[in-house]
Amino acid sequence: MSALPTERSLRTTPEGLLWEPSERWVRGRKGDVTVVDSRHPVLVWEPSLPVPQYAFPREDVREDLLRPAKNPRTGAHTGSRIFYDLEVDGELLENAAWTFPAADLAEYIAFEWFRRSGRGLDHWYEEEEEIFIHPRDPHKRVDAIASSRHVQVSVGGMLVADTHRPVLLFETGLPTRYYLPREDVRLDLLEPTEHHTGCPYKGTAQYWSVRGEADVPPNIVWSYPEPLPAVGAIKGLLAFYNEAADITVDGERMERPVTPFSTMLKQSSRRERGPA
């Protein structure tokens, strides 16, 4: 007899942190040095961040590589007061690690994830799979499903895509994204850019802008040339930001959603046009 699903095991601290144990084996490396190796990490959600972070039992961390921070970022990470600099092979990373200001998490150490911050580790692994950008939320689903819906995309009043063979990507907390075969997209209207982004669920995306449309934000079209295996169905297909394009599905015009990307696209459009 199978067990019934259990309720989400999140715990809450007085500081507003949410956390729960993870059963994943997680390792973090700086260069060739393994700094973290833990089979008992916890996932922590800060009030101001929509994505989780890992924190690790002290015994699973190379504390001999940590130094009390010379210039601690006091107040960052929900009011944390204890920060550490990380020294590996003569390289010092300031404020690379910290402890959260909660009694439940006092014996855990968290690490900066992003290398571009100048404080993060180089590589992170869950089991034998390298992960990027931030830890994946175990309560989030990302499903890429082939469809026969009729999807049309217009940008600035111009029809740029028309297909009956999209792949619909359903991602918790985001609007449905419509990935379209290149043969059904007006590629002559698109211009490749140098912009790239990374996603821990999908991989690394490359971008295009729509030619000759001054009122349309840049980089509103993207594709994953080598997506992660879980969403392999979107490989090489093109998607448009619903927030900036007009998408019609089976004859019904979709409302433009309001998401954090809406603000990002507006800001990038202003930079592209310059000051008024």
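The values are calculated or read from the model by the stated rules, or taken from the named source; none is laboratory data. None of these values were measured; they are calculated from a predicted model. Positions of Cβ are generated from backbone atoms using ideal geometry, with glycine treated the same way; all protein chains shown enter the neighbour counts. Accessible surface areas use protein heavy atoms only, side chains included; no ligands, DNA or RNA. Shrake-Rupley method; radii C 1.70, N 1.55, O 1.52, S 1.80 Å.
Kindly indicate whether GLY232 is open to solvent by 10 Å² or more (accessible area, probe 1.4 Å), free of Cβ contacts under 8 Å to residues at least 60 places away in the same chain and not hydroxyl-bearing (Ser, Thr, Tyr). It would help to see each step written out before you state the result.
On the way: open to solvent by 10 Å² or more (accessible area, probe 1.4 Å): yes; free of Cβ contacts under 8 Å to residues at least 60 places away in the same chain: no; not hydroxyl-bearing (Ser, Thr, Tyr): yes.
Considered against the rule, which asks whether it is open to solvent by 10 Å² or more (accessible area, probe 1.4 Å), free of Cβ contacts under 8 Å to residues at least 60 places away in the same chain and not hydroxyl-bearing (Ser, Thr, Tyr), GLY232 comes out as no.
If you check ILE145 against the conditions, is it under 21 Å from PRO229 (Cβ atoms) and surrounded by 15 or more Cβ atoms within 10 Å (Cβ to Cβ)? Steps first, please.
Values: under 21 Å from PRO229 (Cβ atoms): yes; surrounded by 15 or more Cβ atoms within 10 Å (Cβ to Cβ): no.
The answer is no for ILE145.
Do you know which of the residues in region 237-256 that are in contact with a helix residue (DSSP H, G or I) (Cβ under 7 Å, 6 or more places away or on another chain) and in a loop (DSSP other than H, G, I, E, B) is modelled with the highest pLDDT?
From region 237-256, those in contact with a helix residue (DSSP H, G or I) (Cβ under 7 Å, 6 or more places away or on another chain) are 238, 241, 243-244; that's our starting set.
Filter once more, keeping what is in a loop (DSSP other than H, G, I, E, B): 241, 243-244.
Details: TYR241: 96, GLU243: 93, ALA244: 93.
Filtering first and then ranking leaves TYR241.
Suppose we filter region 206-223 for residues that are part of a loop (DSSP other than H, G, I, E, B) and open to solvent by 30 Å² or more (accessible area, probe 1.4 Å); how many remain? First the steps, then the outcome.
Here is the first cut: in region 206-223, the ones part of a loop (DSSP other than H, G, I, E, B) are 211-220.
Remaining after also requiring open to solvent by 30 Å² or more (accessible area, probe 1.4 Å): 211-215, 219.
So the count comes out to 6.
Pull out all pairs, ordered by first then second residue, where Cβ-Cβ is under 7 Å, the residues are six or more apart or on different chains, the first lies in region 258-272 and is loosely packed, with under 12 Cβ neighbours inside 10 Å, and the second is at pLDDT below 80.
Pairs that qualify, where the first residue is loosely packed, with under 12 Cβ neighbours inside 10 Å and the partner is at pLDDT below 80: there are none.
May I ask you to say which residue of VAL160, VAL231, VAL153 is aliphatic (A, V, I, L, M) and either part of a loop (DSSP other than H, G, I, E, B) or under 18 Å from the mean Cα position of the chain (by Cα) (or both)? Talk me through it step by step, then tell me what you get.
On the way: VAL160 fails: either part of a loop (DSSP other than H, G, I, E, B) or under 18 Å from the mean Cα position of the chain (by Cα) (or both); VAL153 fails: either part of a loop (DSSP other than H, G, I, E, B) or under 18 Å from the mean Cα position of the chain (by Cα) (or both).
Testing whether each residue is aliphatic (A, V, I, L, M) and either part of a loop (DSSP other than H, G, I, E, B) or under 18 Å from the mean Cα position of the chain (by Cα) (or both) leaves just VAL231.
Regarding region 156-178, can at least one residue be identified that is at pLDDT below 95 and touching a Gly at 6+ places or on another chain (Cβ under 8 Å)?
For region 156-178, residues at pLDDT below 95 and touching a Gly at 6+ places or on another chain (Cβ under 8 Å): absent.
For region 12-31, give me each residue that is surrounded by fewer than 19 Cβ atoms within 10 Å (Cβ to Cβ) and in a strand (DSSP E or B).
Of everything in region 12-31, those that are surrounded by fewer than 19 Cβ atoms within 10 Å (Cβ to Cβ) and in a strand (DSSP E or B) turn out to be THR12, LEU18, GLU20, PRO21, ARG29.
If you go through region 186-205 one residue at a time, how many are closer than 20 Å to GLY232 by Cβ and either open to solvent by less than 40 Å² (accessible area, probe 1.4 Å) or not polar (S, T, N, Q) (or both)? It would help to see each step written out before you state the result.
Just the residues of region 186-205 that are closer than 20 Å to GLY232 by Cβ, to begin with: 196-205.
From the residues that got through so far, the ones that are either open to solvent by less than 40 Å² (accessible area, probe 1.4 Å) or not polar (S, T, N, Q) (or both) too are 196, 198-203, 205.
The qualifying residues number 8.
Run down LEU105, LEU121 and say which single residue is open to solvent by less than 30 Å² (accessible area, probe 1.4 Å), closer than 22 Å to TRP45 by Cβ and modelled with pLDDT under 95.
Every option except LEU121 fails the conditions.
If PRO135 satisfies every condition in (1) of a type outside the set (Ser, Thr, Tyr); (2) out of contact with any Pro (no Cβ under 6 Å at 6 or more places or on another chain); (3) assigned to a loop (DSSP other than H, G, I, E, B) but one, which is the exception?
Result: PRO135 passes all but (2).
Mind checking which residues of region 64-84 are among the acidic types (Asp, Glu) and open to solvent by less than 40 Å² (accessible area, probe 1.4 Å)? Give the derivation first.
To start, the set of residues in region 64-84 that are among the acidic types (Asp, Glu) comprises 64.
If the condition is that a residue be among the acidic types (Asp, Glu) and open to solvent by less than 40 Å² (accessible area, probe 1.4 Å), then no residue fits.
Are any residues in region 8-30 closer than 18 Å to THR99 by Cβ and not polar (S, T, N, Q), and if so, which ones?
The answer is ARG11, PRO14, GLU15, GLY16, LEU17, LEU18, TRP19, GLU20, PRO21, VAL26, GLY28.
Scan region 39-56 for residues that are surrounded by 15 or more Cβ atoms within 10 Å (Cβ to Cβ) and either part of a strand (DSSP E or B) or of a type in the set (Ser, Thr, Tyr) (or both) and report the count. Break it down into steps so the answer makes sense when it comes.
Pass one, region 39-56, residues surrounded by 15 or more Cβ atoms within 10 Å (Cβ to Cβ): 40-46, 51-56.
Restricting the remaining residues to those that are either part of a strand (DSSP E or B) or of a type in the set (Ser, Thr, Tyr) (or both) gives 42-45, 53-56.
Total meeting the criteria: 8.
Does any residue in region 55-69 that is more than 16 Å from LEU105 (Cα to Cα) come within less than 6 Å, Cβ to Cβ, of a residue that is acidic (Asp, Glu) and open to solvent by less than 50 Å² (accessible area, probe 1.4 Å) six or more places away or on a different chain, and which pairs are these?
ARG67/ASP85; ALA69/ASP85
What pairs come out if I take residues in region 174-190 that are within 14 Å of ARG211 (Cα to Cα) and pair them with residues that are open to solvent by 40 Å² or more (accessible area, probe 1.4 Å) whose C-beta lies under 7 Å away, six or more apart or interchain?
These pairs meet every condition: LEU189/ARG211; LEU190/ARG211.
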